[in-house]
1. Does the range 20-93 classify as rounded, prolate or oblate by the C-alpha gyration tensor (a ≥ b ≥ c root eigenvalues; a/c under 1.5 gives rounded; else a/b over b/c gives prolate, otherwise oblate)?
2. With labels modelled as points extended 7 Å from the Cα through the Cβ direction, what inter-label distance (nm, one decimal) is found for Leu75 paired with Arg118?
3. Which value in deg cm²/dmol, rounded to the nearest 500, describes the helix-derived mean residue ellipticity at 222 nm for the chain, given -39,500 (n - 2.57) per DSSP H run of n ≥ 4 and division by the residue count?
4. Could you tell me the relative contact order of the range 112-220? Use alpha-carbon pairs under 8 Å, at least six residues apart, and round to a whole percent.
5. Just report the Cα centroid separation between the range 54-74 and the range 118-137, whole Å.
6. With each pseudo-label sitting 7 Å past Cα toward Cβ, what's the Arg21-Ser95 distance in nm, one decimal?
7. Based on DSSP, what percent of beta bridges with both residues in the chain are antiparallel, to the nearest 5?
8. Near the amide H of Arg190, under 5 Å away, which other amide H atoms are found, from residues 5 or more places off or on another chain, if H is placed in the peptide plane?
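Just so you know, all these numbers are worked out from the coordinates, no wet-lab data involved. Computed from a predicted structure; not experimentally measured. Because the Cβ atoms are built from the backbone with ideal geometry, glycine has one as well, and the counts that use them run over all protein chains shown.
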Amino acid sequence: MGPSTWRPVARRLAAAGRQVRLPSLLHVADGAPPFWPAVVEAVREDLRRLPAGSPVVLVAHSNAGLFLPAIRAGLDHPVTGSVFVDAALPARAGSMPVAPPELLDFLRPLAVDGRLPRWTDWWDESDVAPMFSDPVTRRTVVEEQPRLPLAYYEQEVPVPAGWDDHPCAYLLFGAPYGDQEAEARARGWRTARLPGEHLHQLVDPDATARIITELAAPEG
């Protein structure tokens with residue numbers, strides 16, 4: 001997905017006095033695999049606009065959660081917190097497949113010349129429509145999406161040991177990521193729930209921004 005999926009939340013955070021960066025990952029699969037280094041570089045390059053040494057809190061949504069450990073390892077800025085929002089949870093160390101076998105089995109028949117349809121075209125209309133608050137938002141998000149290569153989902157992403165040695169938290173929107181939230185709780189992370197669909201940050205950016213701020217705040 002593109003940055004438009006998080007722009008409303010970014011605006012709320014900025015209005016509350018937070019300095020916000022919204023890196024675009026739209027072109028990370030334009031080259032040859034492996035693609036994860038391009039994800040790291042996209043975030044690293046965007047954060048160069050912040051003063052050197054400025055601490056940051058990383059917020060990852062959906063599939064981007066798997067890349068957060070590698071992103072953290074590749075940044076010049078110190079990471080003081082990480083918040084996973086309805087996101088895939090990385091392992092503690094080693095590596096992680098971007099897609100489990102059952103998802104790859106679903107995706108392979110969809111690929112044409114090695115490219116997948118846009119993410120919103122994978123699902124039935126009854127699944128997609130509730131994710132959006134209005135037709136304009138839906139059109140913006142849908143038209144922005146890239147058609148990723150199947151190879152993107154066939155890659156393994158490294159998980160550097162010790163990546164979670166800082167405060168981490170999890171915000172759950174819906175049942176599909178319930179196991180991820182349960183694992184976050186088992187790891188002793190702070191968790192919160194905001195019931196909705198997978199793109200609920202578009203439907204309720206105010207509450208999403210508020211909970212992210214709470215989860216990113218120092219404990220105590």
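1. oblate
2. 3.0
3. So the helix-based figure for the chain works out to -9500 deg cm²/dmol.
4. 28
5. Distance between centres, Cα-based: 26 Å.
6. So the label points at Arg21 and Ser95 sit 2.7 nm apart.
7. 30
8. Residues meeting the criterion, in which the H sits 1.01 Å from N, are Cys168, Tyr170.
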